1. Which condition number does P183 fail, the rest of (1) within 15 Å of ligand 2 (Cβ to nearest atom); (2) more than 26 Å from Y296 (Cβ to Cβ) being met?
2. Given the structure, is A223 among the aliphatic types (A, V, I, L, M) and part of a loop (DSSP other than H, G, I, E, B)?
3. Among the listed residues A106, A118, which satisfies the condition of being more than 25 Å from P201 (Cα to Cα), free of Cβ contacts under 8 Å to residues at least 60 places away in the same chain and of a type in the set (G, A, S)?
4. Can you tell me which residue within region 256-288, out of those that are hydroxyl-bearing (S, T, Y) and within 16 Å of ligand 2 (Cβ to nearest atom), is nearest to L6 (Cα to Cα)?
5. Show the residue pairs that are 6+ apart or on different chains and have beta-carbon atoms under 7 Å apart, the first residue being within region 172-200 and within 29 Å of L59 (Cα to Cα), the second being surrounded by fewer than 23 Cβ atoms within 10 Å (Cβ to Cβ) and acidic (D, E).
6. Within region 260-278, can you find the residues that are over 19 Å from Y205 (Cα atoms), of a type outside the set (A, V, I, L, M, F, W, C) and outside any helix (DSSP H, G or I)?
7. Listed residues E217, E244; which is more than 16 Å from ligand 2 (Cβ to nearest atom), farther than 25 Å from F144 by Cβ and free of Cβ contacts under 8 Å to residues at least 24 places away in the same chain?
8. Just for region 67-95: of the residues that are at pLDDT 95 or above and farther than 22 Å from L181 by Cβ, which one is surrounded by the fewest Cβ atoms within 10 Å (Cβ to Cβ)?
Amino acid sequence: MFADELKRLDPDLDIRLWPHFGKADEIEFVLTWNHPLGEFNKFKKLKCIASLGAGIDHLLRDPDLPEAVPITRVIQSSMAQFMSEYVILGVLHYCRQFAMYKDDQAVKRWQPRQPILARDIGIGIMGLGQLGADAACKLVQLDFNVAGWSRTPKTIGGVESYAGDEALDDFLSRSDILICLLPLTPDTRGILNAGIFEKLPAGAYLINVARGAHLVEKDLLAALDAGHLSGACLDVFQTEPLPEDHPFWNHPKIFITPHISSITDPMAVMPQILENYRRMKSGKPLRHVVDINRGY
Ligand code: NDP
Ligand code: OXD
């Protein structure tokens, strides 16, 4: 699919499909998602590793990642659009109590409930990057009371900015709905844990659309079962696909989707991959290079 689109854009491109890459020394540019560990060491002339997604944690898990080869990621408005749609749907589904009406429908119960006005609902977005900032702006337009937490302060119209570890508790205490859109790094792994949940207002709702490893799954189950959290919408999991015997599947307060909140659209994304390939060939600086030391 991705190769077809690249070929369509430039029929002269020499594209090799792993594992049939021919002579390893001829490979200069790798386009990848969840590669087999250690594989890149074969490519001694590698000049760029391009992630097919927004995240690069799938690359950084490789202890043999060649040093000094730049890593690029996808930054695309369609990814942000898909993600914001999902987040808004998750928020509205929860706020307008659709899960309860579905249960009512199953038993033919006519039970109107009073909704809460959007401006009275505090939404906290962890991560105000390409995706978090877009979702924040769109939720502001719907009149939600939106705050974001990031490493460095942000100025985004209508969004309250909290930055750094010292601001985390205040950010959490005003977040009736907590949305995780952080990259997975050593600092953020396991960040959605019991210590964080207990700082959220009673009855808070969690939406995790970043990475499964952000969430300590047993802590979520405990917080839901204790009634401190009222529910969770999860798109990502420690193990994907989610194993059949996983307790999340049948949990009445958990809504599950299979890592689809935002999906790379080959038509939208291949032009920027091709542009970077051409930049690499002509020695120009690459676009969307990540900071490997920071991890995103
Ligand atoms: P960006 O790199 O653009 O933004 C990351 C944000 O997280 C930044 O605001 C950054 O702060 C903040 N951040 C990073 N580390 C910390 C920390 N330790 N404490 C506080 N804030 C921190 O990423 P994107 O918005 O493009 O993507 C976010 C993640 O979403 C991806 O890494 C990926 O894991 C996930 N994703 C999931 C998809 C899905 O289908 N489920 C699809 C696409 C992405 P600062 O700006 O100050 O540096
Ligand atoms: C991504 C993803 O990081 O799809 O792009 O999860």
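The values are calculated or read from the model by the stated rules, or taken from the named source; none is laboratory data. Since we're looking at a predicted model, the values are computed, not measured. Neighbour counts are summed over all protein chains in view; Cβ atoms, including those assigned to glycine, are modelled from backbone coordinates with ideal geometry.
1. Condition not satisfied by P183: (2).
2. No; evaluated as a whole, the condition is false for this residue.
3. Working: A118 fails: more than 25 Å from P201 (Cα to Cα).
Among A106, A118, only A106 is more than 25 Å from P201 (Cα to Cα), free of Cβ contacts under 8 Å to residues at least 60 places away in the same chain and of a type in the set (G, A, S).
4. My answer is T264.
5. P183/D57; L184/D57; N193/D219; A194/D219
6. S262, T264, D265
7. Numbers: E217 fails: free of Cβ contacts under 8 Å to residues at least 24 places away in the same chain.
Within the list E217, E244, the selection yields E244.
8. Ranking the candidates gives V69 first.
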